[in-house]
Each structure stands twice: as structure tokens, then as C-alpha cells.
Amino acid sequence: MFKAKEVLLYVAIGLFLLIAVGFAVVEEPREAVVKEISPDPFELNKRLGRGVNLGNALDAPNEGEWGFTLQEEYFDLIKQAGFDSVRLPVRWSGHALKEKPYTIDPNFFNRVDWAINCALSRNLPVILDLHHYREMYDDPNSHKERYLALWKQIAPRYKDYPDILLFELFNEPDDALTPELWNEFMKEALAIVRQSNPHRTVVIGPGEDNTIPELKFLDIPKDDRSIIVTIHYYWPLEFTHQGAAWVTKADSNEWMGTKWSAAEAEKKAVVDNFNIAAAWAKENNRPMNLGEFGAYEKADMESRARWTKFIADTAVERGMSFHYWQFDSDFAVYDTKNKSWIKPLFDALLPPR
Ligand code: BGC
């Protein structure tokens, strides 16, 4: 027979063991698993490093219509040159049924698979970006269901792809897709992505063309940490978009001849803007990506190179990854016809080796 004291001791030991085993079985592995499968977005952002946009190919109405068609060799060139990642802008909305169930054209999907695989097989992280859904600018509410239906198809298709594939929910919300409305749409799109990709890193930018002053209105779910926040930078627009026909808010021909000389006041304007972005990132504990920046080919090359280097360095100094706009075409860093890097821009983007 046990004495009362002994019984108490055994009960206490038993309870302790139960709790200890409980913690071991339930708590520790759960934490370990989460750590294993959710990549640290800050680490992933470091891996994005200095990247380039493969713009004007899959984001054109049809690939090739804007004079640029992706080739497998470009992925080798990008990797060998020392770029760390690519952003792949895709006009999904131009290749999906206009009516329910808004099915994405299977051939187009295969082409996007091919491009993603070209990057991943070379160990180049890819941001897969939903680009140029322009109808959303005029009438977002009528297009909301279709927009969400695109992510309902895209996200499950890539759910088993490696962590170095990232999804970007929407390029440059603008006009009637106001920052308030974008917050609403973004949360719904994110929830759809999370159903099939609970741990995928998602890239999200603020309203009004992903501009820095709009960061303060961006309302990302606080408990979702698998997010990188992106901004775009084309300031001063009079310099970067001189002669650009697609600028509608002004006559960009009047800006022709605008230079960027790296004068103290010009540099200060950039630094002030990036400091605002970096302060927001720190306060909100989010990694930050500069998803687009570049100066159109109509500006003079010396100014373009100066501006590009200053923006790239300012971003990197503040812990941001970047994607230059763009590899080939009208802001090109590579000349696909002459098969050569455009040296002043190339040197502005990558440190000397
Ligand atoms: C657009 C491009 C444009 C670039 C600079 C991008 O977001 O998709 O068509 O050339 O911004 O304006």
C-alpha cells in the first residue's frame, strides 16, 4: 500500500510527465514545421537582391506584339551577368474568358509555366506578377469577380513550386481602383492564394501606381508574415517619362531634354522619398522590394545611367531588393538585336566584379 505522501508524489510526477510529453508532441514539432515551410521573407528578399523585369513580353496584349519575345538564352544571360532574380509581368486578363468561369487559355498557361521553369531551373527566383489588368482601373467592381477568379486558377497551379516562386497580386492599382478599394480586393485575393499556398511569399504594393506616399494607406493583414511589400519609383516623371506616349496626365513631349545631373537637390529628393519608404518598412516590420524603376530611352544616356545607379544604390543601402524596368525594349539594359548589355545601365545596376 502507498502512503498518502507517496501517492501525491507519483501524481505530481505523472502530471509533470503528461505536460512535458504534451508539449513535446504538440508544441515543439508544430513550431518546427512552421519554421521549415514558411521561408523567412527577409531572407527571401535578400535572395531577390538585384533583379530585372522581363517586361513587354508576356504583359503585351500578345507576346511579341511589343517587339520582345522571351527566349531561354535570356535567362542564362541574366543569371551569368550576376542578376539575382527576375520579375515576370503577365497579362493574365488578356488570355482568359471574359465570362464565367473566366478560364485562362491553357496554351498561355503553358507558356507562363515554361518561363517560370526557365528561371527556376537556373536557380533564379521569380516574382510572378499580375500585370496590365487595365479594365480594373475604369470599373473595378465589375471586374472584381474575374480578377479573383484569375488567382483561383493561378495559385493552385503553382502550389507545389519551390519557395523562390513569389506571387504579386496586382501591378500598380490606380484610378477607380482607389487605395481603399485596393485594400479590400487585395485581402480577398490574398485569402484565395492562402487556400492553396499557405506559405508562399506574396508581393503586395500600395495604391496609386505603387507609390511611396500611398504606403501609409496600405492595410495588409498583420498576422500574415509571408509578405514582401513593393514600391515603384519613376521620379521625377518629367525626366524618366519624357516623350512617353502612354503618359496621359500631361504632355510628355514638353519634358523632352530633361536631364538628371545628380545635383544635391535632385539626390535629396530621392533620399527623402526612400527614407519615408524605409521608415514605413521598419515600423511595419516588412521586407521591401523596389519592383520597378527606370528611365525611358528618350532621355539622354548619361542622365539615365546616373539616375539608375543612384536609385539602385539608395534602395540597396536601405535593405531593399530591386527589379529594374526592364531587360529589353524601351527602357532596356540589354540589346537583344545586337546581343549585348547596354554598358552604362548595366554598370549602374550591378556592382563591379
Ligand atoms: C508598365 C510599362 C511601362 C512602365 C513604365 C510599367 O508598369 O507596365 O508598360 O513601360 O511601367 O511606365
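Numbers below:
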| item | result |
| --- | --- |
| Protection proxy ranking, peptides 319-330, 249-260, 162-173, 117-128, average beta carbon neighbours within 10 Å, highest first | 319-330, 162-173, 117-128, 249-260 |
| DSSP-defined beta bridges in the chain - what % are antiparallel, rounded to 5 | 10 |
| C-alpha center-to-center spacing [the range 276-353, the range 173-225] in angstrom | 24 |
| Per-residue [θ]222 nm for the chain (sum of -39500 (n - 2.57) over DSSP H runs n ≥ 4, rounded to 500) | -13500 deg cm²/dmol |
| Prolate/oblate/rounded label for the range 42-349 (Cα gyration tensor, a/c 1.5) | rounded |
| Residue among 59, 174, 160 with the largest mean-square fluctuation in a Gaussian network model of the chain, springs linking Cα atoms under 10 Å | 160 |
| Solvent-accessible ranking of 353, 87, largest area first, probe 1.4 Å | 353, 87 |
| Most positive-pole-ward Cα, 77, 101, 125, against dipole of the range 56-139 from beta carbon charges | 125 |
| The chain: angle of helix 264-284 to the longest principal axis, Cα-based, in degrees nearest 10 | 20 |
| Efficiency of FRET from Cβ geometry, residue 99 and residue 141, R₀ 22 Å, rounded to 0.05 | 0.85 |
| Positive minus negative residues near residue 180 (Lys, Arg vs Asp, Glu; Cβ under 15 Å) | -4 |
| Residue among 342, 116, 178 farthest towards the positive dipole end of the range 42-349, charges placed on Cβ | 116 |
| Dipole of the chain [Lys/Arg +1, Asp/Glu -1 at C-beta], most positive-end residue of 158, 299, 262 | 158 |
| Charge sum, other residues only, whose C-beta stays under 14 Å from residue 159's C-beta, Lys/Arg counted +1 and Asp/Glu -1 | +1 |
| 14 Å beta-carbon shell around residue 320, net charge (K/R +1, D/E -1) | +3 |
| Set of aspartates and glutamates with alpha-carbon distance to residue 216 below 13 Å, sequence-local pairs under 8 removed | 180, 208, 283 |
| Dipole in debye (nearest 20) - the chain, about Cα centre, beta carbon charges: Lys, Arg +1; Asp, Glu -1 | 1100 |
| Given 222/268; 298/339; 46/187; 46/309; 46/79; 79/187, the pairs whose alpha carbons are separated by over 23 Å | 222/268; 46/187; 79/187 |
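The values are calculated or read from the model by the stated rules, or taken from the named source; none is laboratory data. A quick note: this is a predicted structure, and the numbers were derived from the prediction, not measured. We place every Cβ from the backbone using ideal geometry, glycine too, and count neighbours over all the protein chains shown. Please note that ligands, DNA and RNA were not included when accessible areas were found on the heavy atoms of the full protein model with its side chains. Shrake-Rupley method; radii C 1.70, N 1.55, O 1.52, S 1.80 Å.
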